[in-house]
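Single-structure report; data block below.
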Amino acid sequence: MNNLNLQVNIDKSSGFCFGVVYAIEMAEDILDNEGYLYCLGDIVHNDEEVERLTSRGLKIIDHDVLKNLHNEKVLIRAHGEAPSTYQLALENNLTLIDASCPVVLKLQNRIKNSHDDDEQVLIFGKHGHAEVIGLQGQTDGKAIVFQDLAELDNIELPSKFTLYSQTTKSTDKFYTIKDELLGRGYDVKANDTICRQVSNRYEELENFVSHYDKIVFVSGKKSSNGKVLYDVCKKYNDHSYFISNVEELDTTWFAENDKVGICGATSTPMWLMEKVKAELEQY
């Protein structure tokens, strides 16, 4: 291997957000004591971290499996769940270890209140995303979910509605959508419910990536905020590369004495970024 002598640094503000840390710590405590724990859906959108925890006894299940589970403990991850899940837990005598993120819970509550007040709810979010399914559940499935404005073109919207956002969406995009809808003459009550731990990362990243020749962004492919944050890297540093694990690194990306910055999503474990750093330092 050539000795490229890369100078490698990890972005200090990258890695797990508090909601994910909280869920993983709760899981680890129970795994230490009981040896196994059911978790509804991937505990975090990162395959490497899921693998680490499943090897310790975490059993990832879906809603179909949950229906036939009785008298067990089940972890609700940071993304939160719809009311129907809590109802099912009562019926099946399941103990829920609720690690729903407080930011998500607050948003669920606000959406439920809007729905109870007979407001039409619109949610700017990713179809089928765990958090979004939980949010839509607060409205008995009546909320309209859209990923971009074009989707609303074929929908008869009421003249007045309430707009919310999935917590990990781009703040800029949310306000662009709000302004566009107002410009089209709708009466929009907009609630910016984007998590500041995610949106503050944009500015931190913008600042971080400008100091390096190359950027390696580490994230699971399923991570919503991973996609958003990688776009920020790419925007401010053209030489940004997206990888999910060490195997995806490519020596041809780097030149001798490059300064390389490593950063990641709110679902990227620090140990994985450390592993990438160790690998790059061997080039």
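The values are calculated or read from the model by the stated rules, or taken from the named source; none is laboratory data. Just so it is clear, the structure is predicted and the values come from calculations on it, not from any experiment. For neighbour counting, all protein chains shown are included, and Cβ atoms are generated from backbone atoms with ideal geometry for every residue, glycine included. Heavy atoms of the whole protein, side chains included, go into the accessibility calculation; ligands, DNA and RNA do not. Shrake-Rupley method; radii C 1.70, N 1.55, O 1.52, S 1.80 Å.
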| request: Confirm whether Asp231 is surrounded by 17 or more Cβ atoms within 10 Å (Cβ to Cβ) and either more than 29 Å from Ile111 (Cα to Cα) or out of contact with any Phe, Trp or Tyr (no Cβ under 8 Å at 6 or more places or on another chain) (or both). | output: no
| query | Looking at the stretch 187-205, which of its residues are closer than 27 Å to Glu281 by Cα, surrounded by fewer than 22 Cβ atoms within 10 Å (Cβ to Cβ) and either touching a residue at least 40 places away in the same chain (Cβ under 8 Å) or over 19 Å from the mean Cα position of the chain (by Cα) (or both)? | reply | Glu204
| Here is a list of conditions, (1) farther than 24 Å from Met273 by Cα; (2) among the basic types (Lys, Arg); (3) touching a residue at least 12 places away in the same chain (Cβ under 8 Å), and Arg184 meets all of them except one; can you say which number that is? | (3)
| query | What are the residues in the stretch 152-183 that are under 24 Å from the mean Cα position of the chain (by Cα), at pLDDT 95 or above and open to solvent by 20 Å² or more (accessible area, probe 1.4 Å), if any? | reply | Tyr175, Thr176, Lys178
| note | Lys221: passes all of (1) in a loop (DSSP other than H, G, I, E, B); (2) surrounded by fewer than 23 Cβ atoms within 10 Å (Cβ to Cβ); (3) modelled with pLDDT of 95 or more but (3)
| query | In the stretch 206-215, what count of residues is obtained for those that are part of a helix (DSSP H, G or I) and in contact (Cβ under 8 Å) with a residue 24 or more places away in the chain? | reply | 3
| Quick one: Glu274 ticks every box in (1) open to solvent by 80 Å² or more (accessible area, probe 1.4 Å); (2) in a strand (DSSP E or B) bar one, so which box is it? | (2)
| note | Counted residues in the stretch 236-270 being touching a residue at least 24 places away in the same chain (Cβ under 8 Å) and within 22 Å of the chain's Cα centre (by Cα) come to 18
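Here's the yes/no breakdown for (1) in a helix (DSSP H, G or I); (2) closer than 15 Å to Phe16 by Cα:
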{"position": "Gly185", "(1), (2)": "no, no"}
{"position": "Lys189", "(1), (2)": "no, no"}
{"position": "Val198", "(1), (2)": "yes, yes"}
{"position": "Phe217", "(1), (2)": "no, yes"}
{"position": "Asn225", "(1), (2)": "yes, yes"}
{"position": "Thr266", "(1), (2)": "no, yes"}
| field | Scope the stretch 21-73; condition touching a His at 6+ places or on another chain (Cβ under 9 Å) and either without any contact (Cβ under 8 Å) to a residue 60 or more places away in the chain or in the same structural domain as Glu274 (by the TED database) (or both); matching residues | value | Leu40
